[in-house]
1. For region 272-283, enumerate the residues that are in contact (Cβ under 8 Å) with a residue 40 or more places away in the chain and either in contact with a helix residue (DSSP H, G or I) (Cβ under 6 Å, 6 or more places away or on another chain) or surrounded by 15 or more Cβ atoms within 10 Å (Cβ to Cβ) (or both).
2. Any residue at all in region 204-216 that is without any contact (Cβ under 8 Å) to a residue 24 or more places away in the chain, surrounded by fewer than 23 Cβ atoms within 10 Å (Cβ to Cβ) and farther than 30 Å from residue 115 by Cβ?
3. Between residues in region 311-338 that are without any contact (Cβ under 8 Å) to a residue 24 or more places away in the chain and residues that are surrounded by fewer than 22 Cβ atoms within 10 Å (Cβ to Cβ), which pairs lie under 6 Å by C-beta distance while being six or more apart or on different chains?
4. For the condition modelled with pLDDT of 95 or more, under 21 Å from residue 330 (Cα atoms) and buried (at least 21 other Cβ atoms within 10 Å of the Cβ), what is the one hit in 69, 78?
5. What is the residue count in region 224-238 for residues that are outside any strand (DSSP E or B) and buried (at least 16 other Cβ atoms within 10 Å of the Cβ)?
6. Output the number of residues of region 292-310 satisfying the condition of being within 19 Å of the chain's Cα centre (by Cα) and without any contact (Cβ under 8 Å) to a residue 24 or more places away in the chain.
7. How many residues are closer than 21 Å to residue 256 by Cβ and assigned to a loop (DSSP other than H, G, I, E, B) when one looks only at region 304-338?
């Protein structure tokens, strides 16, 4: 079933709730999707879908996330983060990112597609999971942030086990298949709570951290079983950066502030101050969490390149121009070289 959305039609699917319409071109050719509904990556001048990427040999990387990792706002597939990484790292990268996803959907998509022979997995995320809880802690009826994808403590263990079983069924690696079967049966597939939430008393923020920790712990286990290195990258948020806005960025901010009550940006505007107030501390706690889980961590909010007041980098509060996505790609390249 297809659900019309602006500017993209979304395709509803099991487990994930939604994905982009498969084999479609958007925004006058700036964005193309493969037969699954994922954004194509440009490698060596060729547009490749996920199944073509799977057949490539050599070093490969996967980028996970939502609309920022998807590179919403980039002028073409070639300017996406994954494509720019493919041109600068000597490795082939693919973009397993879908707009509107929260942490659980990101983890589920990776499990269901089960990418092969991956050396690096980068999760560029954080903001959507936090925003979902801050905007509506009790669970929302909005189709971008469905309640069953919040994965609050104690919820949806059955859904997780079903996804993991699907991963086992689609896995040709005997060792990994045995590991996944153990994961399905073990307490790893049940609710994992943080031992300490670093002085955060707000239940909404704490819950988003618990949800993210659960998914990252399982994803980290899965990556280690496959010999892949996992890095979590906290996405930048314009409102917490001391950036002098360019005329273009100022104009976009003004336009977003005047949008109608039912627009996504208007909804964000109602909670923007609350999210910005907790986001720096939230990113710090994500770093502590990753250290505990032995996952590499990189915070793009600390990248000085994003403070350049002479360059138009932000297309809105959390998405970028081609230049901004170039900075994201270069920062991730440096992080994965360590």
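1. Correct list: 272, 274, 275, 278, 279, 280, 282, 283.
2. Scanning region 204-216 turns up at least one residue that is without any contact (Cβ under 8 Å) to a residue 24 or more places away in the chain, surrounded by fewer than 23 Cβ atoms within 10 Å (Cβ to Cβ) and farther than 30 Å from residue 115 by Cβ.
3. 323/311
4. Checking each option against the conditions leaves just 69.
5. 7
6. 1
7. Residues that pass the stated criteria total 10.
The values are calculated or read from the model by the stated rules, or taken from the named source; none is laboratory data. Because the structure is a prediction, the values reported are computed rather than measured. Backbone-built Cβ (ideal geometry, glycine too); neighbour counts: all protein chains shown.
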